[in-house]
């Protein structure tokens, strides 16, 4: 079993083009995965976002956030990353809308597009 477990650092490449991003505040050890190819990114988003309503209400937390302030700050940073061009969102928590794009409007509000 020697070498069977490898602890990954934030930003480390798991396999070619797939990177790990630690997210703090919801549960210990929670990560997002980022697939990069051809100038595009796909974020496999974890439980920091439970609903697309949180794009406009990033302060909303859930009972399972073990550190609400850290989770909110991580959520705000994540939303900014997701709104970058050529970024696809994959989130199993979004009922019937697991894949989409996030657009930041001129007024600063976010719009989730399927």
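For segment 1-25, which positions are over 19 Å from the mean Cα position of the chain (by Cα) and either within 17 Å of residue 48 (Cβ to Cβ) or modelled with pLDDT under 90 (or both)?
Here is the first cut: in segment 1-25, the ones over 19 Å from the mean Cα position of the chain (by Cα) are 1-7, 16.
Passing the criteria: 1, 2, 3, 4, 5, 6, 7.
Which condition number does residue 105 fail, the rest of (1) closer than 21 Å to residue 28 by Cβ; (2) modelled with pLDDT of 90 or more; (3) in contact with a strand residue (DSSP E or B) (Cβ under 9 Å, 6 or more places away or on another chain) being met?
(1)
If a residue has to be loosely packed, with under 15 Cβ neighbours inside 10 Å, at pLDDT below 95 and assigned to a loop (DSSP other than H, G, I, E, B) to count, how many in segment 85-102 make the cut?
5
Of these, 18, 8, 53, which one is over 19 Å from residue 87 (Cβ atoms) and touching a residue at least 12 places away in the same chain (Cβ under 8 Å)? Please lay out each step first, then the result.
Numbers: 18 fails: over 19 Å from residue 87 (Cβ atoms); 53 fails: touching a residue at least 12 places away in the same chain (Cβ under 8 Å).
Exactly one residue qualifies, and that residue is 8.
Give the residues of segment 25-38 that are touching a residue at least 24 places away in the same chain (Cβ under 8 Å) and within 15 Å of residue 81 (Cβ to Cβ), sorted by residue number. Break it down stepwise before answering.
We begin by selecting, within segment 25-38, every residue touching a residue at least 24 places away in the same chain (Cβ under 8 Å); these are 25-28, 32.
Across segment 25-38, the qualifying residue is only 32.
Tell me, please, whether a residue that is outside any loop (DSSP other than H, G, I, E, B), buried (at least 19 other Cβ atoms within 10 Å of the Cβ) and in contact (Cβ under 8 Å) with a residue 60 or more places away in the chain can be found in segment 64-82.
Scanning segment 64-82 turns up no residue that is outside any loop (DSSP other than H, G, I, E, B), buried (at least 19 other Cβ atoms within 10 Å of the Cβ) and in contact (Cβ under 8 Å) with a residue 60 or more places away in the chain.
Of everything in segment 31-55 that's assigned to a loop (DSSP other than H, G, I, E, B) and modelled with pLDDT of 90 or more, which residue is nearest to residue 108 (Cα to Cα)?
Initial filter on segment 31-55 (assigned to a loop (DSSP other than H, G, I, E, B)): 38-39, 45-51.
Now narrow it down to the ones that are modelled with pLDDT of 90 or more: 38-39, 45.
Details: 38: 28, 39: 25, 45: 22 Å.
Among residues in segment 31-55 that are assigned to a loop (DSSP other than H, G, I, E, B) and modelled with pLDDT of 90 or more, the one nearest to residue 108 (Cα to Cα) is 45.
The values are calculated or read from the model by the stated rules, or taken from the named source; none is laboratory data. Please read these numbers as outputs of a predicted model, since none were measured by experiment. When we count neighbours, we look across all protein chains shown, and the Cβ atoms used for this are built from the backbone with ideal geometry, even at glycine.
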